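*Asks:* My questions will all concern the structure given below.
The values are calculated or read from the model by the stated rules, or taken from the named source; none is laboratory data. The structure displayed is predicted, hence computed values, not measured ones. So basically every Cβ, Gly included, is an ideal-geometry build from the backbone, and we count neighbours across all protein chains shown. Just so you know, the surface numbers come from the protein's heavy atoms only, side chains and all, with ligands and any DNA or RNA stripped out. Shrake-Rupley method; radii C 1.70, N 1.55, O 1.52, S 1.80 Å.
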Amino acid sequence: MCRKHWRCTALLLGGLLVMNALTGHAESASSPTTASFAEFDRKAKAGEPLTVVFFGGSLTWGANASDPQLTSYRALMGRYLQERYPKCPFTLRDAAIGGTGSDLGMFRLERDVLAAKPDLVFLDFTANDGIDEKDPKNLVSYETILRTLIGRGIPVVMGGVHPSILPEEALAHCDAVAVGEGEGLSPRITEDRR
């Protein structure tokens, strides 16, 4: 077997082991098994505390935004949620690390996302995973993250270049897809997925 195949096989097995460990942990958790934007909306309107995690690479953090804390899609979406649900005390968690892909994200998932007990996750590693590549390592890593989140009943919004180019393909693996520039999408994400 060539070196490339060994690496892909090792990553696939590693991903499956991590996914198995995480989903085994999920079965003992008391969270719902179905991801639901309607439940998120209900809780937000009722003023229940909610946690939203933004998980990805530099674009999720706000690279190239004039001010990542004010003009990134993460900041704009957070502001939109707070305005849309003024009674809801939101915790907005930035779990983005520039230059990282879903392969590292898979191993950061428990510490950086699940430990926060999120009610909603925005996910985008597409630029660092290779926008139009179908590298098995990246596919396994991304799929592991998605299956773990959705398996725990956490709604996931995927964004980025790949979901914008192939939204139907991306939507087959998550609960909502943000297509296009993030700045104008905030209201549509919550409206479309009720």
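*Asks:* Restricting to the stretch 82-119, give me the number of residues that are under 20 Å from K137 (Cβ atoms), of a type outside the set (G, A, S) and exposed (fewer than 14 other Cβ atoms within 10 Å of the Cβ).
*Replies:* 0
*Asks:* OK, next. If you take the residues in the stretch 47-81 that are within 18 Å of P155 (Cα to Cα), assigned to a helix (DSSP H, G or I) and modelled with pLDDT of 90 or more, which one is most open to solvent (accessible area, probe 1.4 Å)?
*Replies:* Y80
*Asks:* Please tell me if V121 is modelled with pLDDT of 65 or more and in contact with a strand residue (DSSP E or B) (Cβ under 8 Å, 6 or more places away or on another chain). If you could, list the steps in order and put the result at the bottom.
*Replies:* On the way: modelled with pLDDT of 65 or more: yes; in contact with a strand residue (DSSP E or B) (Cβ under 8 Å, 6 or more places away or on another chain): yes.
In short, yes.
*Asks:* Name the residue, out of V140, V156, that is under 14 Å from the mean Cα position of the chain (by Cα) and in contact (Cβ under 8 Å) with a residue 40 or more places away in the chain. Write out each step before concluding.
*Replies:* Details: V140 fails: under 14 Å from the mean Cα position of the chain (by Cα).
The match here is V156.
*Asks:* Inspect all residues belonging to the stretch 26-42 and state whether any of them is at pLDDT 85 or above, in a loop (DSSP other than H, G, I, E, B) and surrounded by 11 or more Cβ atoms within 10 Å (Cβ to Cβ).
*Replies:* Taking every residue of the stretch 26-42 in turn, none turns out to be at pLDDT 85 or above, in a loop (DSSP other than H, G, I, E, B) and surrounded by 11 or more Cβ atoms within 10 Å (Cβ to Cβ).
*Asks:* Step by step: first the residues of the stretch 61-84, then only those that are of a type in the set (F, W, Y) and touching an Asp or Glu at 6+ places or on another chain (Cβ under 8 Å), then the one that is nearest to F37 (Cα to Cα). Which residue is that?
*Replies:* Taking the stretch 61-84 first, the residues of a type in the set (F, W, Y) are 61, 73, 80.
Among the residues that remain, those that are also touching an Asp or Glu at 6+ places or on another chain (Cβ under 8 Å) are: 61, 73.
Values: W61: 23, Y73: 19 Å.
Applying the filter and picking the extreme gives Y73.
*Asks:* Further, regarding this structure: When T190 is evaluated against the numbered criteria (1) modelled with pLDDT of 90 or more; (2) within 18 Å of T51 (Cβ to Cβ), which criterion, by number, is the only one it fails?
*Replies:* (1)
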